[in-house]
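Beneath this line is the structure, given in structure tokens, with notes to follow.
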Amino acid sequence: MKIKSIISSLFILLLVNSASFAQAIDGSQLWFTNQQHSAKVRTAIPTIVCIQEESATFQIIKEELAESIPALGIGEVSFTQKTAKNIVLVGTLKSKAIASQLNEDELTKLGNDGFIIRRSKGEGTILIAANTEFGTLYGVYEFLRLIKTSSSDLAEIDRIEIPSYHRRVLNHWDNLDGTVERGYAGHSIWKWDELPSTISPRYEAYARANASIGINGAVLNNVNANPDILTKDYLEKVKVIAGIFRPYGIKVYLSVNFSSPKELGGLENSDPLNDQVKAWWNDKADEIYSMIPDFGGFLVKANSEGLPGPQDYGRTHADGANMLADALAPHGGIVMWRAFVYNPDGDDRAKQAYKEFVPLDGQFRKNVIIQLKNGPIDFQPREPFSPMFGAMKYTTLMPEFQITQEYLGFSDHLVFLSTLFEECLNTDTYAEGPNTTIARITDGEVFNDSITAIAGVANIGEDTNWCGHHFAQSNWYAFGRLAWNNKLSSAEIANEWLKQTFTQDADFVAQMQTVMLQSREAVVDYMTPIGLHHLMGWSHHHGPEPWCEIPGARPDWLPTYYHKADSAGIGFDRSTTGSEAVLQYAEPLRSIYDNISTCPEMYLLWFHHLSWDYILHNGNTLWDELCYKYSSGVDRVKVFQQTWDRMEGKIDVQRFKDVQARLAIQATEAMWWRDACLLYFQTFSGKPIPMELERPVHVLEKLKQIKFDMTHHN
Ligand code: GCV
């Protein structure tokens, strides 16, 4: 009997393994692709599951367990309402079986989304319990993740997880016509013209993927918002999506256009202090909540890049945000108000958001959260953190990361962004003394905010593999995992993603984890090393154009505004001898950044204009160091290619070939970046590229003629 079951388990395992090689795997299953785990774990997992509660969410829980446990080779699952020994016991205090095991205090501490997974030593039973059904769902996903990724035999488990942020939100920059701003994985997954009657199966698959990593909110439409999203017709469509998301614990939010009262409601203006305008928003909020009772709230881009806002009427951001907040408050909704503002004829762009927002600290309603990009400019491969973090002590701030790779090679480059997110979250702002990290400022630890949130600009489209590049899925995954636990390391995240997405093969996981962890530094090196930024092509933002000049264009949209290369040197002087942006940082950072010899080299040309002959800590001149950095970025990508080629045979053919082809594009484009930047900057430095480095393979004048065609990148 025993032998029979071992043989059948082996057979299942073989099937699972051979399936992954024989079948074409197209990436559509995301991180649910690989149902393998170590044999050690398999023996220790019970297959009887006791669930005493019923709801749509508990139905999903059952389906997940019923699908994964057998696929993992553990055995067929049977569900029961009766407790026994050696079971998986799942639920909330509403379940008598759970209530007999845990007291109320233990569970209330977990809040809405937290969970416990426990198996005491020597016990067979595994307990997965939470305060709510959504917490239970997250617990079940964590349990399955543990089976798939843990190196322990799970004979003993004691996990209590409470998410770092209350609202863990994806922002879709999806337009109502189906295009996606800065989207590189095809058109939008929201099929507005088919809704509400036709429902794409992707909606539920999307909800499942998000719930599995803890994401609990989605802003469906672009922050450059079309007022039509608030029409009755569109709200009917939104309602259908919200209904699909609901059992997965995901709320929908909408980006709204500040001029909606005027554009849609026919009012004379959209002045936030106009009573008719207030009434219009109150009515709109009532209408939305009558259709979608758990609607999350609004995301607003106002007085930014030409969009309307309260300043059009001489009002402040606080006036605008508070008016919307008042309309949503009776229903429990929130306003996420973006601080991405800069004026063409204002001061140094890096200083402007701080100057507009910090004086308003304390004036925002409790249900307003200021959504702040990680850096002061715009999602560059590397920026120092936005000095607004820590500077607004009476206002809730939420970090906004960009998951879509607008400035990092679109979906052609393998770049694991987790290290970028982690670097930002772990940065110490010193705003309230040492250890005032951005993670602690935004997750409520430092300022005790009543609502906390974090946003990521989605990289999702209708491409079969959702994100264009198979490895771009890891950035969606990493955002969710860090939003859940902002103390996780990128190494852990890469490891668990690789195991679930590709294979448990130890060599594959180790090698590709190294590639992933180095990939962001590689892109910084071949695009914008030593603090350079904003060197990319006009408008499409793909490829290098440090020379770009467009007659009549906003200067702060041109690379020359940022690199300021001339015969004397290169870099933007934001020190106290320049724009004084350093003064927006707390001490000791202000002095550290201000002083050339203490400024971290990764930010050197962000804060300083330095001579080509400036000697860095390693003894190289600035010019030589630039050459070494650009070259090392290219070299690393070539090593990534070799590493990947060695992985052939360890994973399915289709994904192997897809990634191989994209790495070839990345290597070519890394050389394009290196040559364009070095050859162009060389026209100012007049210095040779160090002899031991590979020579440029391009000619500057030809590079300048390249016209980038966006049609290949949607
Ligand atoms: C949605 C950058 C991007 C824009 C984007 C904007 C923003 O400027 O290039 O496409 O607009 O940021 O974050 O609002």
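When you check Ala339 against the structure, is it of a type in the set (A, V, I, L, M), within 16 Å of the ligand (Cβ to nearest atom) and open to solvent by 10 Å² or more (accessible area, probe 1.4 Å), yes or no?
Numbers: of a type in the set (A, V, I, L, M): yes; within 16 Å of the ligand (Cβ to nearest atom): yes; open to solvent by 10 Å² or more (accessible area, probe 1.4 Å): no.
The answer is no for Ala339.
Quick one: what pairs do we get from segment 365-387, first residue at positive phi, second among the acidic types (Asp, Glu), C-beta under 8 Å, 6+ apart or different chains?
Listed pairs, sorted by first residue: Phe379/Glu406.
Residues are listed down the side, and each one gets a yes or a no for (1) closer than 19 Å to Leu703 by Cβ; (2) β-branched (Val, Ile, Thr):
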residue: Gln642; (1), (2): no, no
residue: Val653; (1), (2): no, yes
residue: Phe656; (1), (2): no, no
residue: Phe684; (1), (2): yes, no
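Does Phe416 satisfy the condition of being more than 16 Å from the ligand (Cβ to nearest atom), in a loop (DSSP other than H, G, I, E, B), within 30 Å of Val634 (Cα to Cα) and in contact with a Cys (Cβ under 7 Å, 6 or more places away or on another chain)?
Values: more than 16 Å from the ligand (Cβ to nearest atom): yes; in a loop (DSSP other than H, G, I, E, B): yes; within 30 Å of Val634 (Cα to Cα): yes; in contact with a Cys (Cβ under 7 Å, 6 or more places away or on another chain): no.
The answer is no for Phe416.
Condition first: surrounded by 15 or more Cβ atoms within 10 Å (Cβ to Cβ) and in a loop (DSSP other than H, G, I, E, B). Can you find one or more residues in segment 60-70 that meet it? Can you show your working first?
Going through segment 60-70, the residues surrounded by 15 or more Cβ atoms within 10 Å (Cβ to Cβ) turn out to be 60-62, 64-66, 68-70.
Subsequent filtering for residues that are in a loop (DSSP other than H, G, I, E, B) retains none.
No, segment 60-70 has no match at all.
When segment 315-344 is examined, which residues are found to be hydroxyl-bearing (Ser, Thr, Tyr) and closer than 24 Å to Gly456 by Cα? Steps first, please.
Of the residues in segment 315-344, the ones hydroxyl-bearing (Ser, Thr, Tyr) are 316, 342.
Once the filter is applied, which keeps residues that are hydroxyl-bearing (Ser, Thr, Tyr) and closer than 24 Å to Gly456 by Cα, segment 315-344 yields only Tyr342.
Quick one: would you say Asn175 is within 14 Å of the ligand (Cβ to nearest atom), in contact (Cβ under 8 Å) with a residue 12 or more places away in the chain and more than 16 Å from the chain's Cα centre (by Cα)? Break it down stepwise before answering.
Values: within 14 Å of the ligand (Cβ to nearest atom): yes; in contact (Cβ under 8 Å) with a residue 12 or more places away in the chain: yes; more than 16 Å from the chain's Cα centre (by Cα): yes.
So Asn175 fits the description; yes.
Which one is nearest to the ligand (Cβ to nearest atom) among residues in segment 431-464 that are under 15 Å from Phe389 (Cβ atoms) and in contact with a helix residue (DSSP H, G or I) (Cβ under 6 Å, 6 or more places away or on another chain)?
That would be Ile454.
Please go through (1) within 16 Å of the ligand (Cβ to nearest atom); (2) part of a loop (DSSP other than H, G, I, E, B); (3) surrounded by 24 or more Cβ atoms within 10 Å (Cβ to Cβ) for Tyr165 and return the number of the only condition it doesn't satisfy.
The one condition Tyr165 does not meet is (1).
How many residues does segment 215-248 contain that are within 16 Å of the ligand (Cβ to nearest atom) and open to solvent by 50 Å² or more (accessible area, probe 1.4 Å)?
Adding up the residues that qualify gives 1.
What do you reckon, is Glu181 within 16 Å of the ligand (Cβ to nearest atom) and surrounded by fewer than 19 Cβ atoms within 10 Å (Cβ to Cβ)?
It is true that Glu181 is within 16 Å of the ligand (Cβ to nearest atom) and surrounded by fewer than 19 Cβ atoms within 10 Å (Cβ to Cβ).
Restrict the check to segment 540-551 and report whether at least one residue is modelled with pLDDT of 95 or more, open to solvent by less than 20 Å² (accessible area, probe 1.4 Å) and touching a Lys or Arg at 6+ places or on another chain (Cβ under 6 Å).
Within segment 540-551 (the criterion being modelled with pLDDT of 95 or more, open to solvent by less than 20 Å² (accessible area, probe 1.4 Å) and touching a Lys or Arg at 6+ places or on another chain (Cβ under 6 Å)), the answer is no, since none of the residues qualifies.
Which is in a loop (DSSP other than H, G, I, E, B) and within 16 Å of the ligand (Cβ to nearest atom), of Glu305, Glu356? Spell out how you get there, then give the answer.
On the way: Glu356 fails: in a loop (DSSP other than H, G, I, E, B).
That would be Glu305, the only listed residue that is in a loop (DSSP other than H, G, I, E, B) and within 16 Å of the ligand (Cβ to nearest atom).
Being acidic (Asp, Glu), closer than 30 Å to Arg574 by Cα, away from the ligand (no atom under 16 Å from the Cβ) and over 28 Å from the mean Cα position of the chain (by Cα) is true for just one of Asp326, Asp347, Asp361, Asp319. Which residue is that? Walk me through it before giving the result.
On the way: Asp326 fails: closer than 30 Å to Arg574 by Cα; Asp361 fails: over 28 Å from the mean Cα position of the chain (by Cα); Asp319 fails: closer than 30 Å to Arg574 by Cα.
Residue meeting the stated conditions: Asp347.
Of the residues Ala329, Ala321, Ala285, which single one is surrounded by 23 or more Cβ atoms within 10 Å (Cβ to Cβ) and aliphatic (A, V, I, L, M)? I'd like the intermediate steps shown before the answer.
Values: Ala329 fails: surrounded by 23 or more Cβ atoms within 10 Å (Cβ to Cβ); Ala285 fails: surrounded by 23 or more Cβ atoms within 10 Å (Cβ to Cβ).
Only one candidate passes the filter, namely Ala321.
On the basis of being open to solvent by 10 Å² or more (accessible area, probe 1.4 Å), in contact with a helix residue (DSSP H, G or I) (Cβ under 6 Å, 6 or more places away or on another chain), closer than 24 Å to Ile530 by Cβ and away from the ligand (no atom under 13 Å from the Cβ), does Arg382 make the cut? Quick ask: steps written out before the conclusion?
On the way: open to solvent by 10 Å² or more (accessible area, probe 1.4 Å): yes; in contact with a helix residue (DSSP H, G or I) (Cβ under 6 Å, 6 or more places away or on another chain): yes; closer than 24 Å to Ile530 by Cβ: yes; away from the ligand (no atom under 13 Å from the Cβ): yes.
Answer is yes for this residue.
Of the residues Leu102, Leu107, which single one is under 36 Å from the mean Cα position of the chain (by Cα), outside any loop (DSSP other than H, G, I, E, B) and of a type in the set (A, V, I, L, M, F, W, C)? It would help to see each step written out before you state the result.
On the way: Leu102 fails: outside any loop (DSSP other than H, G, I, E, B).
Going through Leu102, Leu107 in turn, just one is under 36 Å from the mean Cα position of the chain (by Cα), outside any loop (DSSP other than H, G, I, E, B) and of a type in the set (A, V, I, L, M, F, W, C): Leu107.
Select from segment 158-186 the residues that are more than 20 Å from Ala209 (Cβ to Cβ) and among the β-branched types (Val, Ile, Thr) and list them in ascending order. Steps first, please.
Our first condition is that a residue be more than 20 Å from Ala209 (Cβ to Cβ); within segment 158-186, this holds for 158-160, 162, 166, 175-179, 181-182.
Once the filter is applied, which keeps residues that are more than 20 Å from Ala209 (Cβ to Cβ) and among the β-branched types (Val, Ile, Thr), segment 158-186 yields Ile160, Ile162, Thr179.
The values are calculated or read from the model by the stated rules, or taken from the named source; none is laboratory data. What you are looking at is a predicted structure, and each value in this text was computed from that prediction instead of being measured. Virtual Cβ from ideal backbone geometry, glycine too; neighbours counted across all protein chains shown. All accessible areas refer to the heavy atoms of the entire protein, side chains included, with ligands and DNA or RNA removed. Shrake-Rupley method; radii C 1.70, N 1.55, O 1.52, S 1.80 Å.
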